[in-house]
Amino acid sequence: MRKQRLYFLGAALAAAAASASLSSGARGARALPSERPRLLAFGSSDSCEWCRLLERRVFATDAWRAWAEVHVAFTRVDLPRRDGVLAPEERERNNALADRLGVTGIPTFVLLAADGDVELGRVKVPDAARGLGRDMTPEAFIAAVEGELGRDKRDPLLGEAASRRFWRMYRFIPVVLLLGIAAFLLVDKSKLPLALRGLKKVLGNAAPAALGDAPPVPAWKRWLAFALILGAFLLAVI
């Protein structure tokens, strides 16, 4: 009897451990709020009808809540016109955040990296000028946010701007390689040892030996070198 109780106790512990492992794995599949991009919704609770419409048609829906819970850390930033709507400290903090991010109109939706220091982009509200938002749906707004997030796949933190900066900094590498290959094609390698000996004699104030006439470079090499030089030029000016 005691063995049976120990057996059932062990089985129960094993089942509990398996259940905990599965649930922790399921939680691990969902990014923590600190790991998701931040979406800041700047609006006004007392003077922006468009903001209130978005709140009713998008942010108050289950579809938006379910999507945002997985993909972004969503925060509303209220910028009321009247005093007394927010506590003075919160009002001052929201205004300072809007000034730091250069928010000049509402509603404005700013995407930040998970650390909150780098701006990823700004979400353009679809159908903002058509039907006063009557066609606005959670799916339409989610598609707009996903489209802005998709622009940052090359660099999750800095997006396209970082890619352009990286290219401007290091584009000289392929340019130099292309020019080097072009020069290698155009130079007669058989004359290089003789040219080096002549240079050595010149440096030693001795008369260099005659290098002779170099054989003509084949036409295909000239065309290939021209194509490489043209490619280097295009890469340099992009």
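Figure the gain on full extension for residue 144 and residue 104 (residue separation times 0.36 nm, minus the Cα-Cα span) and round it to one decimal in nm.
Full-extension gain reported as 12.4 nm.
Got a sec? How would 124, 221 order by Cβ neighbour count within 10 Å, fewest to most?
The fewest-first ordering by Cβ neighbours comes to 124, 221.
Across the range 229-236, in residue order, what do the Karplus-derived ³J(HN,Hα) couplings come to in whole Hz, using 6.51 cos²θ - 1.76 cosθ + 1.60 with θ = phi - 60° and x for Gly and Pro?
5, 5, x, 4, 5, 5, 5, 6
Per residue of the range 144-150, what does 6.51 cos²θ - 1.76 cosθ + 1.60 with θ = phi - 60° give for ³J(HN,Hα)? Whole Hz please, x for Gly and Pro, Karplus curve as stated.
5, 5, 5, x, 6, 5, x
Please give the contour-minus-distance gain from residue 184 to residue 49: 0.36 nm per residue of separation, less the Cα-Cα distance, rounded to one decimal in nm.
41.8 nm
Which cross-chain or sequence-distant (5 or more) residues have an amide H under 5 Å from the amide H of residue 79, H modelled 1.01 Å from N in plane?
Under 5 Å from the amide H of residue 79: 43, 44, 45.
Give me, ordered by chain and number, the residues 5 or more places off residue 73 or on other chains with an amide H under 5 Å from its own placed amide H.
Placed amide hydrogens put 38, 39 under 5 Å from residue 73.
Modelled label-to-label distance, residue 220 and residue 81, 7 Å Cα→beta-carbon offset: nm?
Placing both labels 7 Å beyond Cα along the Cβ direction yields 7.6 nm.
Values quoted throughout were computed directly from the atomic coordinates according to the rules given, and no laboratory measurement underlies them. Predicted model, so just to flag it, every value in this text is computed and none were measured. All Cβ positions, even for glycine, are placed from backbone atoms using ideal geometry, and neighbour counts span all protein chains on display.
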